[in-house]
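Accompanying notes for the structure given below.
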Amino acid sequence: MKNLFYRLIIFLDTAQENDTNYNIAWFMANNFYRIANMRISELAAECFVSPATISRFCRALGYENFAHLKQECYTFHSHDKKFNNLINISLETMKDSPLQATQQYIQQVIQYISDLPKFLDWNEVDAILKLIHDSESVAFFGTQFSQSAALHLQTDLLMLEKFTMAYMDSSRQLECAKQLNQNSVAIIMTVNGYFANSNAKILQYIKKSGCQVVLMTCHPQLDLKIPVHHKLVLGQSKNRKTGKHSLLTAVELMSLRYYCLYYPSLQELKGHLL
């Protein structure tokens, strides 16, 4: 369900205000409680577009049709604990003792990150970084926090004179996947494996391209249903709710490793580190 809000935000943050999709996204964001009970013709009238335009917008959000989107909205509204279990802290603890909740959460994060050295395979990391360095076409794929981490790595790589692609919008990711070829590298970041469940078309185009596929995840048993050439496991499945912290840590370590391997000489590097 969070993916819907994420994609709405992407539309609102990236589209022009005179764009049709922007207007639909704006209406939904400001009237979300109404969507579950609206007919497609009613939503179209509110947004001054045709029902066909609403249908296309729903598909752009990753839904089969408007009915599918309505069902998702209804499910969200019928759930009285919308934010429960986003992290492994009870709502009662946060309500009654936020300090205790803070301490518990920090300990969970520390524990998860402390386990990272057990999982992080540096031979795989170096192989992945070599692919990134050697390929002229490198693209990151993911959603929500995972793609934000990809954007973080993309920025670091650009500072090291390596251009890569990391589109936030799923439709742009789909178009990017269509342009890949056997000389490309596709890096899929998905902490919990949600990307595999909601982006089958992107994965099929990645498979069709014959490119090198890299998977970074905290879900060791994740099956993308396509060939994966390099897999970087960052943690255990049972603790995936704090896995985003391991992903961000791994990304920052990979940036520094890329710097060491491909940018300056080691002596120059030592001279710049404080």
statement: Going through (1) loosely packed, with under 11 Cβ neighbours inside 10 Å; (2) basic (Lys, Arg); (3) touching a residue at least 24 places away in the same chain (Cβ under 8 Å) one by one, residue 2 fails only at (1)
message: Name the residue that is nearest to residue 144 (Cα to Cα), counting only residues in the stretch 1-20 that are over 19 Å from the mean Cα position of the chain (by Cα) and of a type in the set (S, T, N, Q).
response: 16
statement: When the stretch 97-137 is checked residue by residue, the ones that are in contact (Cβ under 8 Å) with a residue 40 or more places away in the chain, over 18 Å from residue 252 (Cβ atoms) and not in a helix (DSSP H, G or I) are 135, 136, 137
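Going by the structure shown, is residue 23 within 28 Å of residue 148 (Cα to Cα) and modelled with pLDDT under 80?
Numbers: within 28 Å of residue 148 (Cα to Cα): yes; modelled with pLDDT under 80: no.
For residue 23, the condition - within 28 Å of residue 148 (Cα to Cα) and modelled with pLDDT under 80 - is not met.
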Meets criteria (surrounded by fewer than 17 Cβ atoms within 10 Å (Cβ to Cβ), within 24 Å of residue 63 (Cβ to Cβ), among the small types (Gly, Ala, Ser) and in contact with a helix residue (DSSP H, G or I) (Cβ under 7 Å, 6 or more places away or on another chain)) for residue 170: no
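Output the residue which, of all residues in the stretch 30-65 that are in a helix (DSSP H, G or I) and under 27 Å from residue 196 (Cβ atoms), is modelled with the highest pLDDT.
Our first condition is that a residue be in a helix (DSSP H, G or I); within the stretch 30-65, this holds for 30, 32-35, 40-47, 51-60.
Then drop every residue that is not under 27 Å from residue 196 (Cβ atoms), which leaves 32, 35, 55-60.
On the way: 32: 85, 35: 90, 55: 94, 56: 91, 57: 90, 58: 90, 59: 85, 60: 81.
Among residues in the stretch 30-65 that are in a helix (DSSP H, G or I) and under 27 Å from residue 196 (Cβ atoms), the one modelled with the highest pLDDT is 55.
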query: In the stretch 167-214, how many are within 13 Å of the chain's Cα centre (by Cα) and hydroxyl-bearing (Ser, Thr, Tyr)?
result: 5
- prompt: When the stretch 66-103 is examined, which residues are found to be in contact with a Cys (Cβ under 6 Å, 6 or more places away or on another chain) and either basic (Lys, Arg) or at pLDDT 90 or above (or both)?
  reply: 66
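The values are calculated or read from the model by the stated rules, or taken from the named source; none is laboratory data. Keep in mind that what you see is a predicted model, and the values were worked out from it rather than measured. Reconstructed Cβ throughout: ideal geometry from the backbone, glycine too, with neighbour counts over all protein chains shown.
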